[in-house]
Amino acid sequence: MKDSIFHKFNLKTPAYVYDAEKIINVLEIMNKIQEDSSCFLLYSIKSANNIGLLELIKPYVNGFSCSSMFELQLAKEILDSKQTVHISTPGFNKNELNKLSILSDFITLNSITQLNNFSDEIKTKSSCGIRINPELSFVSDDRFDPCRSFSKLGIPLTYLNEDKNFNSIDWSVIDGIHVHNNCESINFDEMRQTISKIMLVLKQHQIELKWFNLGGGYLIDSGNDFLPLVDTIRWLQDNFSVDVYFEPGKAVTGNAGYLIASVIDLFRNGGEQIAILDASINHLPEVFEYQYQPKVMYSQDITDYKYHLAGSSCLSGDLFGEYCFEDPLELGSLVVFENVGAYMQVKANMFNGINLPSIYLLDENSNFRLLKEYDYNSFRDRL
């Protein structure tokens, strides 16, 4: 099998590797968008939240976006006093509200019930906003669509479009709007359609806001046309005098992450070759969760060397998929899963008592820096 940089270093497998150069390249593109639009850039830490990784991202952003108390506490620990922390979740707990309000700079409430119950306590400590569901879908798969039927995410725009409902809200406690209705899109015209639909309703009622959070769900690549994004941000600023926030997550880490595994067993069953890895779908839970086949470095479309790559747990469905290689696999061969930097480390688990992969940062000098290692105590402490 061909040698990659992962083959040239004696990495202990299984291992997660984040490519610092790829992450920084994306962040520098985003910083250019910032310069052109004067928006504020947040990193959504639910995508990947290893402390070493957050320290790498920190200098390029204005703050972090969080979805829970623990993420919020982690963000406050990492960021400096000039950076801001934002939180939005459908699951605010009343018992945590006072602490959330003190730690957060911006809190986005998800429902009318949350707004009625929590806004009075929040408004004296933090900037309060609401999440609006624009009921405008661009995602074909309901599993990924924030605007799916009966969505739990945000106040439906049709609800706000009724005068009785709109006028029942105390808008004096609301500083901003948060929206997120896309997934892995590169079409920023969809963002403009979304924002226009929301602001048309708010403008009819002459509501004044301080900020607008565009959410995430868009990928950033050097080949993208960012002019529609910049134009949308400027349009919001010029027409509504708001600060605009943008909070990518997967766009930052997705293509920069790898899972490195070793082949620990090889055998045939029913005429097919099975390769058991020292990794598991525990380590890439979205493979099982969404039933997709991750990309493997150097795999081919059709060759003589075809394998079913399987994980090391006792779960019969612990399968990554069927792959072909130019050369036959051997015991000890490395298998490198690509473009898995988002939602791998944060969702990983220790089912079957299988250890979590060590986490490495591949720096710009092609050196591997160990960020985190796990052992039996890591397993036992969770019990």
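The values are calculated or read from the model by the stated rules, or taken from the named source; none is laboratory data. As the structure is a prediction and not an experimental result, all values here were calculated from the model. Here Cβ is always computed from backbone atoms with ideal geometry, including for glycine, and neighbour counts include all displayed protein chains.
Candidates in region 93-117 are the residues that are surrounded by 20 or more Cβ atoms within 10 Å (Cβ to Cβ) and either aromatic (F, W, Y) or without any contact (Cβ under 8 Å) to a residue 40 or more places away in the chain (or both); of these, the one that is nearest to C147 (Cα to Cα) is L109. Consider region 333-349. How many of its residues are farther than 17 Å from T13 by Cβ and hydroxyl-bearing (S, T, Y)? Selection size over region 333-349: 1.
For E135, the criteria (1) part of a loop (DSSP other than H, G, I, E, B); (2) out of contact with any Pro (no Cβ under 7 Å at 6 or more places or on another chain); (3) without any contact (Cβ under 8 Å) to a residue 24 or more places away in the chain hold in every case but one, which is (2). What residue, among those in region 251-282 that are part of a strand (DSSP E or B) and of a type in the set (S, T, N, Q), is farthest from F337 (Cα to Cα)? It comes out as N269.
For the criterion of being in contact (Cβ under 8 Å) with a residue 12 or more places away in the chain, in the same structural domain as L259 (by TED's automatic domain parsing), touching a Cys at 6+ places or on another chain (Cβ under 9 Å) and assigned to a loop (DSSP other than H, G, I, E, B), I302 passes.
Could we say that S168 is among the polar types (S, T, N, Q), more than 19 Å from S119 (Cβ to Cβ) and at pLDDT 90 or above here? Criteria not met by S168. Within region 213-220, at least one residue is of a type in the set (A, V, I, L, M, F, W, C), touching a Lys or Arg at 6+ places or on another chain (Cβ under 9 Å) and assigned by TED's automatic domain parsing to the domain that holds Y43. Screening region 321-358 for residues that are of a type in the set (A, V, I, L, M, F, W, C) and touching a helix residue (DSSP H, G or I) at 6+ places or on another chain (Cβ under 6 Å) and picking the one that is surrounded by the most Cβ atoms within 10 Å (Cβ to Cβ) gives A342. Restricting attention to region 1-32, the residues being closer than 19 Å to I359 by Cβ, in contact (Cβ under 8 Å) with a residue 24 or more places away in the chain and in a loop (DSSP other than H, G, I, E, B) number 6. If I filter region 138-159 down to residues being loosely packed, with under 15 Cβ neighbours inside 10 Å and among the charged types (D, E, K, R), which single residue comes out as farthest from H178 (Cα to Cα)? Filtering region 138-159 for residues that are loosely packed, with under 15 Cβ neighbours inside 10 Å and among the charged types (D, E, K, R), the one farthest from H178 (Cα to Cα) comes out as D141. Every condition in (1) at pLDDT 95 or above; (2) touching a Lys or Arg at 6+ places or on another chain (Cβ under 9 Å) holds for D327 except the one numbered (1).
Among residues of region 305-330 that are closer than 19 Å to E289 by Cβ, those with a Cβ under 7 angstrom from a residue that is hydroxyl-bearing (S, T, Y) and in a loop (DSSP other than H, G, I, E, B), sequence gap 6+ or separate chain, pair up as G311/S280; S312/S280; S313/S280; D318/S280.
If we scan region 230-241, do we find a residue that is part of a strand (DSSP E or B), closer than 29 Å to L54 by Cβ and more than 15 Å from the chain's Cα centre (by Cα)? For region 230-241, residues part of a strand (DSSP E or B), closer than 29 Å to L54 by Cβ and more than 15 Å from the chain's Cα centre (by Cα): absent. Against the conditions (1) within 11 Å of A275 (Cβ to Cβ); (2) part of a loop (DSSP other than H, G, I, E, B); (3) hydrophobic (A, V, I, L, M, F, W, C), F320 satisfies every one except (2).
Would you be able to say whether some residue in region 74-92 is in contact (Cβ under 8 Å) with a residue 60 or more places away in the chain, closer than 21 Å to V179 by Cα and surrounded by fewer than 22 Cβ atoms within 10 Å (Cβ to Cβ)? Within region 74-92, one or more residues are in contact (Cβ under 8 Å) with a residue 60 or more places away in the chain, closer than 21 Å to V179 by Cα and surrounded by fewer than 22 Cβ atoms within 10 Å (Cβ to Cβ).
Scanning region 33-73 for residues that are in a helix (DSSP H, G or I) and free of Cβ contacts under 8 Å to residues at least 60 places away in the same chain yields a count of 12.
Each row is one residue, and each column tells you yes or no for (1) surrounded by 18 or more Cβ atoms within 10 Å (Cβ to Cβ); (2) out of contact with any helix residue (DSSP H, G or I) (no Cβ under 8 Å at 6 or more places or on another chain); (3) of a type in the set (S, T, N, Q); (4) within 20 Å of G176 (Cβ to Cβ).
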{"position": "I5", "(1), (2), (3), (4)": "no, yes, no, no"}
{"position": "K8", "(1), (2), (3), (4)": "no, yes, no, no"}
{"position": "P14", "(1), (2), (3), (4)": "yes, yes, no, no"}
{"position": "Y18", "(1), (2), (3), (4)": "yes, no, no, no"}
{"position": "D36", "(1), (2), (3), (4)": "no, no, no, no"}
{"position": "F40", "(1), (2), (3), (4)": "yes, no, no, yes"}
{"position": "N49", "(1), (2), (3), (4)": "yes, no, yes, no"}
{"position": "E55", "(1), (2), (3), (4)": "no, no, no, no"}
{"position": "V61", "(1), (2), (3), (4)": "yes, no, no, yes"}
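What residue, among those in region 20-34 that are of a type in the set (A, V, I, L, M) and within 19 Å of the chain's Cα centre (by Cα), is surrounded by the fewest Cβ atoms within 10 Å (Cβ to Cβ)? The extreme case among them is I29.
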